[in-house]
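The structure appears right after this line, and notes come after that.
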């Protein structure tokens, strides 16, 4: 089993609204650029920005206008449910690349995303561009009874989305698109739909009758993908349930499952970043506490490649 080391809680300098806590509680996507850690939370309209080397509280960058209700049930109903964050390489008007935040697509109001340009140092620059993700998520309604995008990676000229299953629909999949077509469609005012080039379905196994399901992923230089997964006892893509177990796995560039190792504790890990160091993978992970009063946490571990 894999042990995690807690680095810090995701404390922030100022709350997103007056009644919100001074922390991110539902971290759901992670990208590391140099010594800067970017985190999306599925119950916020903001992006969290933290240092990997300094312990000071993080900042928030607003992604969408408006405000979400403070009452948990109403907030859950109206949130954009940002579940994935991916680094996009340089293109067009983004000479230093960009961050793409992606909603889960599990409800019509959860098909929003945001594109944030980066400067030469990997810092966010300029204003975020709000995106309608319908051109890429809309065509998936026939492929998945319950769409729930939880991770995204870029390798070469390909965007790969990770579909998360649940206890009733254990339908994990990697959905591949031509990256250039996706970027064109998402930035066009009259975008045509973009059909996936390939959908690869994977069975990650069960524990106590609950399937392991994707919660995030990151790409390695050879195209292999490191992912985190949890066995959450819930029967749909909307309601939360107890986390029975969690794990870290590797899928190769062709979509074949190479490994899946359990964590020694059932942390609900929902964001992952990986750095290859020889034959070792150094990992950072963030958690979703499923409780607004409990801070999400940043963990680290290393595993053999």
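Read the figures in this text as sums done on the coordinates, not as results from a lab. As the structure is a computational prediction, the values presented were derived from the model and not from experiment. As a convention, Cβ positions derive from the backbone with ideal geometry for all residues, glycine included, and neighbour counts pool all protein chains shown.
Structural remarks
- Where Rh is the Kirkwood radius over Cα pairs, Rg/Rh for segment 56-113: 1.06
- Packing rank of 193-204, 63-74, 277-288, where each peptide gets the mean count of other beta carbons within 10 Å, highest leading: 277-288, 193-204, 63-74
- Across the alpha-carbon set of segment 144-196, the Rg to Rh ratio works out to 1.04, Rh being the Kirkwood radius.
- Alpha-carbon centroid distance for the pair segment 133-182 / segment 22-101, whole angstrom: 19
- Highest-MSF residue in the chain out of 137, 161, 183 [GNM, Cα springs under 10 Å]: 183
- Overall form of segment 30-87 per C-alpha gyration tensor (a/c, 1.5; a/b vs b/c): prolate
- Spread of Cα-to-Cα distances over 5 Å intervals beginning at zero, given as percent, for segment 194-305: 2, 11, 21, 23, 19, 14, 7, 3, 0
- Segment 207-262 and segment 270-305: distance between their alpha carbon centers, rounded to Å: 13
- Pairs of C-alpha atoms in segment 127-216 farther apart than 16 Å represent 56 percent of all such pairs.
- q = 0.12, 0.21 Å⁻¹: log10 I(q)/I(0) that the Debye formula gives for segment 1-134, counting C-alpha atoms only: -0.47, -1.32
- Once Rg and the Kirkwood radius are both taken over the C-alpha atoms of the chain, their ratio Rg/Rh works out to 0.92.
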